[in-house]
1. Within the accessible area of the chain, what % is carbon and sulfur when the probe is 1.4 Å and the other protein chains stay in place?
2. Hey, can you find the accessible area per residue of the range 85-175 for me, probe 1.4 Å, expressed in square angstrom?
3. Place the peptides 233-239, 119-125 in order of packing, highest mean first, counting for every residue the other Cβ atoms within 10 Å and averaging per peptide.
4. Order of 87-95, 154-162 by packing, highest average Cβ count within 10 Å first?
5. If you compute Cα extents along the principal axes in Å for the structure shown, which of (1) 72, 39, 33; (2) 81, 59, 56; (3) 82, 41, 33 do you land on?
6. For the range 242-327, state what percent of all Cα-Cα pairs lands in each successive 10 Å bin, counting from 0 Å until the bin that includes the largest distance.
7. Per the Cauchy relation, a quarter of the hull surface: what is the mean projected area of the convex hull of the alpha carbons in the range 201-298, in nm²?
8. May I have the extent of the alpha carbons of the range 80-221 along their three principal axes, as whole Å values ordered from largest to smallest?
Amino acid sequence: MKSTTIIDVAKQAGVSVATVSRVVNGNYPVKEETKKKVMDAVKELNYVQNIQARELNTRQSTTIGVVVPSLFNMFFAEVFDGIEEYVKHYNYSMLITCAKDSAIKEKQCMQELLSRNVCGIINISPNTYAVEISFYDQIAKRVPMVFINSYIKRPEISYVSNNEAAGAEMAMEHLLKLGHRQILFIRGVSSDSYEIKEEIYRKMMTGHGLKPIVLNIGEGNIEKTVDNTLSKVMMAIKSGVKITAIFACNDLMAVGAINGCHRLGLKVPADISVIGFDNIALSRFIEPKLTTIDQNMALLGQSATALLIEKIESHNTTSDEIILENTLIERNTTASVKH
């Protein structure tokens, strides 16, 4: 079946192809009467704009590339939802790629997006510790780029981040005020976010004369994260390490820690307190409901998109940074230490 073209719409509405293009793209003013004729024809003929054809005509891409570390962790899904919410108000489409928590795969994703001629890239939680800076610098010169929650800053890239250091301090202060001194820190194998949080955790533990206890559970954003955390927390507790509280780098790890405690017959928070990070939907669904740090995920996505469009429209001549604050969401998995 032959698809409807812009020429068919123009004939149906009795206007020129240029007029249909102006109405569909919204880039030039058109009389309301003419606009109605065009939109009626679009609806009647079920016309769907051919974005590739438009890009060939204008010689300008309208596709935004997005790199996510994982599609399993709802944090990235909720950030992406914020991106989509903002993008839909503009004439851009999106192409999403998944780095699977791998620095090598992340580089491949970035190169793939470049080969697809995207007009800009948003990279969520990039592995700047594991990927050489020159790689990012070279891409930033070619295409507008925004990083979300990145540790390392480069002059030609725009940044949106939560103040994760302040969020980690908030989590630690909450546990310390509850009287906890044996606090286990759970992190994943590779992420700027984990490095930032561990740095704050170690600083605050040593500042209070306490011994840091760090548990690396491997990949932190995959389907096995919850069960991997469960088994490693159980091993740590069985080894005789004294733990009264757990600070997990994300909510998936926190859920795994809670499950591990339950397997050993330990009550949360009566025996062990647990605090997560992100405030994904899962944190509200489990029992007991998870105390966590809210990262304003939708706002992260919306802000990153705003900065990217600013870079695109300025022909990549501007760079900016937005820092969002975190909020402690106190629920039912933390309590005063049991003496």
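The values are calculated or read from the model by the stated rules, or taken from the named source; none is laboratory data. Note that the structure is predicted; figures quoted are calculated from it, not measured. Quick reminder, even Gly has a Cβ in these numbers, built from the backbone with ideal geometry, and neighbours come from all protein chains shown. Just so you know, the surface numbers come from the protein's heavy atoms only, side chains and all, with ligands and any DNA or RNA stripped out. Shrake-Rupley method; radii C 1.70, N 1.55, O 1.52, S 1.80 Å.
1. Answer for the chain is 51 percent, counting heavy atoms of protein chains only.
2. Values: 3830 Å² over 91 residues.
Heavy-atom SASA per residue in the range 85-175 reads 42 Å².
3. The densest-packed peptide leads the list: 119-125, 233-239.
4. 154-162, 87-95
5. Label of the calculated value: (3).
6. Result returned by the calculation: 16, 36, 20, 16, 9, 3.
7. Projected area, direction-averaged: 6.7 nm².
8. Largest first, the range 80-221 extends 53, 32, 27 Å along its Cα principal axes.
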